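As structure tokens, the structure follows; a few thoughts come after it.
The values are calculated or read from the model by the stated rules, or taken from the named source; none is laboratory data. All values derive from a computational prediction rather than experimental measurement. As a convention, Cβ positions derive from the backbone with ideal geometry for all residues, glycine included, and neighbour counts pool all protein chains shown. Each accessible area value is taken on the protein alone, full model and side chains, heavy atoms only, with ligands, DNA and RNA left out. Shrake-Rupley method; radii C 1.70, N 1.55, O 1.52, S 1.80 Å.
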Amino acid sequence: MEEKKELLKKKEKDMPDPKDFTTCDATIQMLNKARRDGVETAFERAHTMKACPIGSESACCKHCFMGPCRLNARDPYSKVGVCGATIDTIQARNFARFVASGCAAHTDHGMSMLDLFREVVNGHIKDYRIKNPQKLEAVAQSIGIETEGREMMDIAKDLYSELERTYTQVEGEIPFAQRVPPKTLETWRKYGLVPRGAMREIMEMMHRTHMGVDQDYTNITKQFSRTALADGWGGSMVATEISDILFGIPTPVSIEVNMGVLKEDQVNIIVHGHEPNLFESMIESVSEPSLVQAAKAAGAKGINLCGMCCSGAEVLVRHGIPHAGNFMSTEAILVTGAVDAMCVDVQCIKQGLAKVADCYGTKLITTNPRCHIEGVTHIEFHEHTPKECTDEVVIQAIGRFKNRTAKIEIPKIKNAGVHGFSHEYINYMLGGSFRGSYVPLNDNIINGRIRGVAGVVGCTNPRTKQDWIHVELVKELIRNDVLVLQTGCSQIALAKAGLTTPEAAHLAGPGLKEVCETVGMPPVLGIGSCVDNSRILIAASEMVKTGGLGNSIADLPVAGAAPEYMSEKAISIGQYFVASGVFTVFGVTFPTVEGTKFHKHLFEDLEKMGMGKWGFANDPGEMARLIIEHIDKKRKALGIDKARERQLMSMADRRSLDAAA
Ligand code: NFS
Ligand code: SF4
């Protein structure tokens, strides 16, 4: 016993200060409280759990039972697996399975949205409806469905059966391939990358990575590119478009972010996960008069609903619901003791939440048949009767409020910001309602005020200081006149840092600052959840279509980054951006051995084939340098580098004039 206590004390002594784990002040405050309360989080576990060096470089294979086989990452060609698989085969197969899993997560989510749409269209579900008929028509038209003079429901039925092909189609190209700029599509066709249905691509990917099938890393790369494209231009894009049709297109709203959105005197409910239908129903339940009354009867001033992670990012842009924090704050927020219920659906739900929730008496509730957690209450969400589940969650939350015993400490930190820049809104914002177009954006890129565009997205990861790389990278990019688009947990990191306000324009370089001030927009545009990365693909296609910036996505002065990623979904997203023509930089770790043929294939060869390429850096300054260098290279190839030089020159002139005055 004594020995164990000693050990515990020692462990605590060796533990870094929470300030070394995160730059999020609210999370730091809660991690300090967690230590006092004897509660452990993923930050401490990441510190004590050393990442396996062989696994982290993808130098091992357990695809059959002659193995597992471990190769030598320091001397990768000195050994092969029992079956003879080389380091390149092993890495490519592992990478392919990350993509397959990530793609499966997004497409299964997208297919759930489509299931919901079908049932709404068939009239079997009355709790949801088509909220945005204009969007329905626009999406239908974009894939060649006749809309002129037709009933909305007829168009909707056709749209459903067309979009179902995104998942189930055995042969031929997915519907949204029609949105891809022709030259980009030509490249895909040349290498056989245009996806059929996602189910088929994922199945073939799993088959080809089975022991003894595809053993040429270049051929495996083709199939995982195709699988990833079935995510970005398929499953994810359908999820976004159907959500817009059913729940409305996001437009900029001012919202509050951070743990300070919790209210001590109210019943606090957090929704954490990915599927908007659960959240939409929860919004209904918390405003149900009888439940509000019940909350008041229990002594609460009301019911306070907040989001976290992607669920949060998605409703934040649609309804302006406050957002309590990103992935690495989900355990920490329970330490406040103020969360009465945390309701989760799928993806990025740490099992560790169960123990923390238990310590503070928070009701943790799973709702999706795909995601149960051992020992956690499950209240299944049925989309035909959605409120049965969400009303019950509210009732449980009220019960917990009434019997609160945990000591409550809510960090008094809230950050305001503007979010919800859908591709449609960017169009409108820049061109106005009569002449909505991407011409002003392209013009400002061509004349050099905006140097280029970067998508900074993705998770937070306890193997690096939470939020730090996101924030430093984005600051450096906007300082250099790069307009930043954001989704997912990254968007929340920047919101907490105050960069999603129009006032943040003063942190931008002179050109970007001028554009932001003219339009009244922040230099950092929050777009939504991770499936909403598909909005960035559409924006990129629009930029190509608008003209003046080349013929394919690969010609654009744009780049992407997921500086603190942790999930397989991020790998799938990264690969669909790369295959679409975007230079994409990841941080934290990269699952390849440097110097191998496969590594070179991802980091160099794909670009020569007309696609984008991967990059890696751990330092935000270095990451920014890679991105800016790439943007400048593309500007030069487009012949618009001179415009920027002139623009910078005129700034210098202006400054010398100022000095003279
Ligand atoms: Ni994206 Fe969303 Fe966050 Fe990462 Fe997880 S919540 S889908 S995977 S951790 S950004
Ligand atoms: Fe080893 Fe080959 Fe089996 Fe992989 S497939 S575990 S490399 S024998």
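Numbers for the structure displayed
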item	result
Full-extension gain in nm, Y77 to A297, via 0.36 nm per residue minus C-alpha separation	72.2 nm
25 Å Cα-Cα threshold exceeded, pairs from K19/K407; K350/K475; K135/K222; K190/K642	K350/K475; K135/K222; K190/K642
Packing-based ranking, highest mean first, of 128-139, 321-332 given that Cβ atoms within 10 Å are counted	321-332, 128-139
Solvent-accessible area, 1.4 Å probe, carbon plus sulfur percent, for the chain	52 percent
12 Å cut-off, amide nitrogen to a point 7 angstrom out along T218 Cα→Cβ, residues in the range 575-615	598, 601, 605-606, 609
Farthest toward positive dipole pole in the chain [+1 Lys/Arg, -1 Asp/Glu at C-beta], among H372, S290, A138	H372
Relative contact order [Cα under 8 Å, 6+ residues apart], the chain, whole percent	16 percent
Interchain or long-range residues, amide H under 5 Å from G417's placed H	I255
Distance between modelled label sites at T168 and R370, nm, 7 Å Cα→Cβ extension	1.8 nm
Where labels lie 7 Å past Cα in the beta-carbon direction, separation of M211 and E629 in nm	4.3 nm
Dipole moment magnitude, nearest 20 debye, the chain about Cα centre, only Lys, Arg, Asp, Glu C-beta charged	1340 debye
Anisotropy class of the range 336-378 from Cα gyration tensor, a/c 1.5 cut	prolate
Rounded to 5, percent antiparallel among DSSP beta bridges of the range 419-660	0 percent
Calculated [θ] (222 nm, deg cm²/dmol) that DSSP helices of n ≥ 4 give over the chain, each run adding -39,500 (n - 2.57)	-15500 deg cm²/dmol
Å² per residue, accessible surface of the chain at 1.4 Å	39 Å²
Theoretical FRET efficiency, 1/(1+(r/R0)^6), r = Cβ-Cβ of H506 and A51, R0 35 Å, to 0.05	0.35
Residue list for the range 508-535, given a label point 7 angstrom along the Cα-to-Cβ vector of S254 and an amide N cut-off under 15 Å	520-522
Other-chain or far-sequence residues with amide H under 5 Å of F583's (modelled H)	G560, K613
Modelled FRET efficiency - R0 35 Å, K62 with R35, Cβ distances, 0.05 increments	0.45
